[in-house]
Amino acid sequence: MSEPATPSVMEALVSLAKRRGFVYQASEIYGGIRGFWDYGPLGVLLKNNIRDWWWRCMVECPPVGPDGSVIDMVGLDSSIIQHPTTWKASGHVDTFTDPMVDCRKTQSRYRADHIWTARAMVKRKNGNVDDLGLYSVMSGDDAPEIFAKRIDKVARKTGGGEVQVPVIESFVPFTKLTTEERAKVIGPDSDEPGTLTEPRPFNLMLDTYPGPIRDEANKAYLRPETAQGIFLNFKNVADTTRVKVPFGVAQVGKSFRNEVTPRNFIFRSREFEQMEMEFFCPPDDALKWYEFWRNERMKWWLTLGIKPENLKFRDHDQDELSHYSKATVDIEYKYPFTAPDFGELEGIAHRGDFDLSQHQQHSKVKLDYFDQELQLRLKEQGVAPDEIKKRSRYIPNVIEPASGLTRAVLVMLCEAYTVESRAGVEKFEFFRFPAKFAPIKCGIFPLVNKDGLPEIAEKLYMDLRTKFTCEYDPKQSIGKRYARMDEIGTPFSITIDTQTLTDQTVTIRDRDTQEQVRVSLAQVESYLRERMG
RNA sequence: GCGGCGGUAACUCAAUGGCAGAGUGUCAGCCUUCCAAGCUGAAUGUUGCGGGUUCGACUCCCGUCCGCCGCUCCA
C-alpha cells in the first residue's frame, strides 16, 4: 500500500534526506545561507550516479542520429570564470541586470524601465487645465490608450473633463526621473503617490574580482550557465579533435545565479549543477536536430525510471523565448510542490547562430565553419561555384539540451520517496531508487553476530566492495538492518545464515518486494550485475 | 526585495514567565536463526543568533538570520 508524493510530503522528504545524509543546508552551524545546499555522503553518490549516466549517454555512447550514423560528441570542462566580455557578448550582462521596483501598496514588482510615467492633465469644462499628478503605466504601444482610460476614471471622480492624452514619445521611464519625482509617482496598480520603491539593480550574475585590485575594470562573473564555456571553445574543439559539423560538446559543472527567491529545497538554488550539451549543426538542418534532441532527451529521462505521467513537454510561446532562442521546449516534471502543475527540469533550445555570432563579433575572431562535405555535395549537384563558396562556409546553428543535475537529484528523490505501512510500522518511509542510481547497491549481513557467520560475510564484502558500493553491518537485529537499507534506497541485501555454512548459498533480499532468493556465493556478483541495469 | 506564518536534541514534536522533556534515530553491552523484536545502559541542547523587559525568558518585545506560503525570477 503505497501513496504518491503530494505537497504535504515535501517536508517529510527533506527531513529524511537530511537524517540519512543526502542533502544538508549549507553552513548550517552558522544559521544557514540562503540558496546553497551541501550534498552529504549519500547525496553525492546519487548525484554522481546520475551525472555519470548522463555522461555515458551523451559523450561516451551518444545516440544514433536520424540518418543512422553515430553522432560526433566530445566532452569539455571549462572554467567557471571566463573573460567578462563573454557575458557582454552572450547578453547576460544586459538582460540579467534589471533595475527592479516594488510597490509598497500592491506588493507588485516591476522592471523599473518598464514603468512609463506622464503627467495627468485634464481640461475641465470651465477651460482650466488641472494637473492630477504623475501617473504611470506599463511600457508598450498601448501605453497612451491605457493611460487615457485610467486618467479618464480619475477625472470623472474629480469633476470630469477631457484627458489630454500624451503621445507615446512623451512618456518618461521611471529610471529617468529624479529621486524627488519618483517619490510622487502613482504606481501602475496603485491609487496613491509615493508607493513605489527606488529602483534596485538586480543582477542575476554573481561577481568577483580576480587579482589584487578590486575595481570595476577587474570585475568578473561566476558563470550563470555552462554553455558559454563551450561556445568559447568551439574553435579549439573544431581545430583539434577532428570532429566535423554536425557535432556536440557536452559539459557538466557548477553554475551560479543570484536568484531573487531561492525556494523549494534544491529546486532553485544560487549554486547549482548543470548538464549541458551544445550541438553544432548546419543552419539548414537545425530544425531537424531540434526535433531529434527534443525526443532523445525525453527518452533519457525515462531511463531514470521516472513515471511517464510525471513528465511532459512544454513548448515556449514566442513571447517567452529567451533573447537568444528561436525555439525552446521544456521538459517538465510534476514536483510535489508544483503538483498538479509541472515545473521545469530541462530546456531544449534552438539558439540559432546567436552565440557564435556574438562571440565572433566581440572577440573579432572568426568562428565560422568550412563544410568540406557540403562543398563536395553541392559540386556534385552542379551548383554554381559562387553559390557553393557562399553556402559551404557558415556559422553553425546550435541546439542546446540544458538540464539541471541538481534538479535531477531532486526528481530522483521525489520519484523514489515512498511511504508504506508495514508490520510494526504504520508509516515506513524510504527511497525506491532504481538499482542503477542507488547510492549503495548492496548491504551484506551475517544473520547473527556469531557462529562464524561474520567471517563469511566479511569475506564476501571484501570481494563485492571492489565491484559495487556495498556496506557490511553485523550489528543489531536483522530487521533493523534491512529497514535501514530500505530507507536509503539500497536495492539488495545479502544475508549469510547457517545454511551458508553447509551449502555455500546466501539469501538476497529485494528492497521493493521484501522477498528473498537463495543464490550460491559464487553467483552473487553475476546475480547483482544482471539486476543493476 | 515585499507580505503572511514559523524556528526547542540528528528527525518528529512537548514544556501557565519558575528544574528543558518524550518518541524515533545513533552508540555500547547482553540476547537473538530473517524484517525498525526484547532487556540494560550511554551520548547529544548557549531553545537559530543578538539585544531588551523581568527577581527570573523556550515563553513577552525589538532586530537579524534561516525555513515555508504568496508575489517576482528561473536550469
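The values are calculated or read from the model by the stated rules, or taken from the named source; none is laboratory data. This one's a predicted model, so the numbers in the text were calculated from it and none came from an experiment. Note: ideal-geometry Cβ built from the backbone for every residue, glycine included; neighbour counts use all protein chains shown.
Can you find a residue that is away from RNA strand B (no atom under 13 Å from the Cβ) and either in a loop (DSSP other than H, G, I, E, B) or within 21 Å of the chain's Cα centre (by Cα) (or both) anywhere in segment A:23-40? Yes, segment A:23-40 contains a residue that is away from RNA strand B (no atom under 13 Å from the Cβ) and either in a loop (DSSP other than H, G, I, E, B) or within 21 Å of the chain's Cα centre (by Cα) (or both). Of the residues A:Leu222, A:Leu177, A:Leu204, which single one is within 16 Å of A:Tyr110 (Cβ to Cβ), buried (at least 16 other Cβ atoms within 10 Å of the Cβ) and at pLDDT 75 or above? None of the others qualify; the one that does is A:Leu177. Tallying residues that are under 18 Å from A:Ala112 (Cβ atoms), outside any loop (DSSP other than H, G, I, E, B) and not aromatic (Phe, Trp, Tyr) within segment A:147-183 yields 8. Filtered by the rule that a residue be over 17 Å from A:Glu458 (Cα atoms) and more than 11 Å from RNA strand B (Cβ to nearest atom), segment A:482-511 gives A:Gly489, A:Thr490, A:Pro491, A:Asp503. Which one is surrounded by the most Cβ atoms within 10 Å (Cβ to Cβ), of the residues in segment A:515-533 that are assigned to a helix (DSSP H, G or I) and of a type in the set (Lys, Arg)? Looking at the filtered set, the residue picked out is A:Arg531. I'm trying to understand the selection: among the residues of segment A:389-444, which are touching a residue at least 60 places away in the same chain (Cβ under 8 Å), acidic (Asp, Glu) and within 13 Å of RNA strand B (Cβ to nearest atom)? Answer for segment A:389-444, where residues must be touching a residue at least 60 places away in the same chain (Cβ under 8 Å), acidic (Asp, Glu) and within 13 Å of RNA strand B (Cβ to nearest atom): A:Glu400, A:Glu420, A:Glu429.
Residues in segment A:257-307 that are small (Gly, Ala, Ser) and part of a loop (DSSP other than H, G, I, E, B) were compared, and the one that is nearest to RNA strand B (Cβ to nearest atom) is A:Ser269. Of the residues contained in segment A:80-91, none is found to be among the basic types (Lys, Arg), modelled with pLDDT of 85 or more and in contact with a strand residue (DSSP E or B) (Cβ under 7 Å, 6 or more places away or on another chain).
One line per residue, one yes/no per condition, for (1) crowded, with 16+ Cβ neighbours inside 10 Å; (2) within 26 Å of A:Pro199 (Cα to Cα); (3) touching a Cys at 6+ places or on another chain (Cβ under 7 Å); (4) of a type in the set (Val, Ile, Thr):
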residue	(1), (2), (3), (4)
A:Gly127	no, no, no, no
A:Asp131	no, yes, no, no
A:Tyr135	yes, yes, no, no
A:Phe147	yes, yes, no, no
A:Arg150	yes, yes, no, no
A:Gly160	no, no, no, no
A:Phe171	yes, yes, no, no
A:Ala183	no, yes, no, no
A:Ile186	yes, yes, no, yes
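A:Thr226 - would you say it is touching a residue at least 40 places away in the same chain (Cβ under 8 Å) and over 23 Å from the mean Cα position of the chain (by Cα)? In short, no. Would you check if there is a residue in segment A:121-141 being at pLDDT below 80, within 16 Å of RNA strand B (Cβ to nearest atom) and assigned to a helix (DSSP H, G or I)? So far as segment A:121-141 goes, no, none of its residues is at pLDDT below 80, within 16 Å of RNA strand B (Cβ to nearest atom) and assigned to a helix (DSSP H, G or I).
Here A:Phe354 clears all of (1) modelled with pLDDT of 95 or more; (2) within 30 Å of A:Arg270 (Cα to Cα); (3) of a type outside the set (Asp, Glu) except the condition numbered (1).
The helices (runs of 4 or more DSSP H) located wholly in segment A:344-393 that include 2 or more residues which are within 24 Å of A:Ala327 (Cα to Cα) occupy A:354-363. Taken over segment A:464-481, the criterion of being more than 9 Å from RNA strand B (Cβ to nearest atom) and of a type in the set (A, V, I, L, M) is satisfied by A:Leu464 alone. Here the condition is being among the aliphatic types (A, V, I, L, M), under 22 Å from A:Met100 (Cβ atoms) and without any contact (Cβ under 8 Å) to a residue 12 or more places away in the chain; of A:Ile146, A:Ile186, it holds for A:Ile146 alone.
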